[in-house]
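The values are calculated or read from the model by the stated rules, or taken from the named source; none is laboratory data. Model, not experiment: these values are computed from the prediction. Here the Cβ positions follow ideal geometry from the backbone for every residue, glycine too, while neighbour counts run over all protein chains shown.
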Amino acid sequence: MIYFDMIMKPSDLKGKKITVMGLGILGGGTGVVKFLVKHGAKVLVTDLKSRRELANSLKQLKSFRIQYVLGRHRLSDFIDSDLIIKNPAVPNDSKFLKAAARHKVPIENDASLFFQYCPVPIIGITGTKGKSTTVALLERILKKSGILVVLVGHNTTSVLDRIELIKPNCLALFELSSWRLEGLAKTKKSPWIAVVTNVLPDHLNTYRGMKEYQAAKKNIYRFQNSGDYVILNKDNEITRSFGKKVPSQRYWFSLKTFSKQNGAFVKDGKIFFSSRGKVSLVANLADLKIKGDHNTHNALAAVTVAKLLKVNNEDITSALCSFKGMPGRLEQIRVLRGVKFYNDTAATNPAATISALRSFRQKVTLIAGGQNKGLDYFPLAQEIAKKVNDLVLLPGSASNELAKHLNYLDFSFGQNDSLALALGAAYRKAKKGDIILFSPGAASFNLFKNEFDRGNKFKKIVNKLP
């Protein structure tokens, strides 16, 4: 573990001129700004969004002394500064960041600063899909066992201001996106325990290819040492390749049995844990309330961390029994006249929607579509042809790509301009016992603010159905 050596102090920020690039609307940016101002930094916030668009975030900061440059960026704010903190959504090839780098102004993100300031061990969890569910399940297990834990970066949870919640003898449980992991390369820090749920094609509208995307994910274990742990999905081709060369102690998780490797696996409907040649029964798979093989993977990852922390099996099983999943992830919203409605808005890529479809034994009515992130939609089209009775597509480039493949497969579908119309069309055709699944498999920025906004609107429409 590296967290007790050479830890910076927030007091080091006093008097520093800091430019925060990207305030955002989800709360992460406001947490960063509050932390910096409280510790004496002179903060300038710049964002391409207007004051009206940022109204909710600005309201949270009205009592703080902050300089704003909104609706534009000024080159001077990136050159005449002691530090730049970039929002995860800001592209790395920004001309303003390049100017800061030329003038040797340090560029950090909230995660890289957190790793420098955090005085306790960090458990970091990343993955294309499943990281939020794994974090939530692991938090439940740890709290059940009496281990103090502070959540960081989970869903819309902020980052830097969580430092103030950390007490001695607790752990930080950090949900790490690929963008946040990029910052760790500069500070050369990785968490004590690193988990990678999977790596699937995604964000290829941001990265120059899968190689670059994978490189960002590798930062979660890249700077570990022999006293640290990395936990990888043995069933995922990319994470399996990661495991060929790691600097730390490697553990696997898998739906398939293994005996000569360390980690958690499934055998005969039960979860087992293997470590240094000793195999023990942990829990029955039937105790899980969450559906699908992808959620079994998430549970196995959480179990592996828990066993490394010496949590007893009773507490693990209790947590597994009580966990019903995360909002927006195969979340059952309502049963109306025998029709079940599921919100899977967190499915922002085709692989996630494929996993959702495979979670149901029966064929479903699917509402999907949105904007493409440079991904291949033919595998999803093939799965739809096998697992879907009726399909309604929302507008967007991903929908257009999917429609092209479905036409090739001779699969008929409907299209609507809004979520309300799509849901209405799906419900009119539904019969008692049917399932209506909202699993877009795409980004949402053409119709919604983000996937959270998309999911909330779906729930509101469903709950208003007569």
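Candidates SER94, SER11: the one that is more than 18 Å from GLY183 (Cα to Cα) and either at pLDDT below 95 or not assigned by TED's automatic domain parsing to the domain that holds LEU165 (or both) is SER11. Any residue in region 340-359 that is buried (at least 20 other Cβ atoms within 10 Å of the Cβ), more than 20 Å from ASN295 (Cα to Cα) and more than 20 Å from the chain's Cα centre (by Cα)? No, because not a single residue in region 340-359 is buried (at least 20 other Cβ atoms within 10 Å of the Cβ), more than 20 Å from ASN295 (Cα to Cα) and more than 20 Å from the chain's Cα centre (by Cα). For region 336-352, the set of residues classified as outside any strand (DSSP E or B), over 10 Å from LYS432 (Cβ atoms) and not polar (S, T, N, Q) consists of ASP344, ALA346, ALA347, PRO350, ALA351, ALA352, listed by residue number.
Kindly check whether there is at least one residue in region 297-318 that is charged (D, E, K, R), in contact with a helix residue (DSSP H, G or I) (Cβ under 7 Å, 6 or more places away or on another chain), within 25 Å of LEU437 (Cβ to Cβ) and touching a residue at least 60 places away in the same chain (Cβ under 8 Å). So far as region 297-318 goes, no, none of its residues is charged (D, E, K, R), in contact with a helix residue (DSSP H, G or I) (Cβ under 7 Å, 6 or more places away or on another chain), within 25 Å of LEU437 (Cβ to Cβ) and touching a residue at least 60 places away in the same chain (Cβ under 8 Å). If I filter region 236-253 for residues that are touching a residue at least 12 places away in the same chain (Cβ under 8 Å), under 23 Å from THR353 (Cβ atoms) and surrounded by fewer than 15 Cβ atoms within 10 Å (Cβ to Cβ), do I get at least one hit? No; the residues of region 236-253 include none that is touching a residue at least 12 places away in the same chain (Cβ under 8 Å), under 23 Å from THR353 (Cβ atoms) and surrounded by fewer than 15 Cβ atoms within 10 Å (Cβ to Cβ). How many residues, within region 21-35, are of a type in the set (A, V, I, L, M, F, W, C), out of contact with any helix residue (DSSP H, G or I) (no Cβ under 6 Å at 6 or more places or on another chain) and closer than 22 Å to LEU75 by Cα? Summing the residues that are of a type in the set (A, V, I, L, M, F, W, C), out of contact with any helix residue (DSSP H, G or I) (no Cβ under 6 Å at 6 or more places or on another chain) and closer than 22 Å to LEU75 by Cα in region 21-35 gives 2. Looking across region 201-233, the residues that are modelled with pLDDT of 95 or more and either assigned by TED's automatic domain parsing to the domain that holds PHE378 or among the aromatic types (Phe, Trp, Tyr) (or both) come down to TYR221, PHE223, TYR229.
You will find that of LEU423, LEU409, LEU380, LEU465, the residue that is in contact with a helix residue (DSSP H, G or I) (Cβ under 6 Å, 6 or more places away or on another chain), more than 27 Å from SER132 (Cβ to Cβ) and of a type in the set (A, V, I, L, M) is LEU409 and no other. ARG102 fulfils the conditions (1) charged (D, E, K, R); (2) at pLDDT 95 or above; (3) crowded, with 16+ Cβ neighbours inside 10 Å except for a single criterion, (3). For region 382-437, the tally of residues that are outside any loop (DSSP other than H, G, I, E, B) and either surrounded by fewer than 18 Cβ atoms within 10 Å (Cβ to Cβ) or not acidic (Asp, Glu) (or both) stands at 37. Being farther than 18 Å from TYR229 by Cα and either at pLDDT below 95 or crowded, with 24+ Cβ neighbours inside 10 Å (or both) is a description that applies to LYS129.
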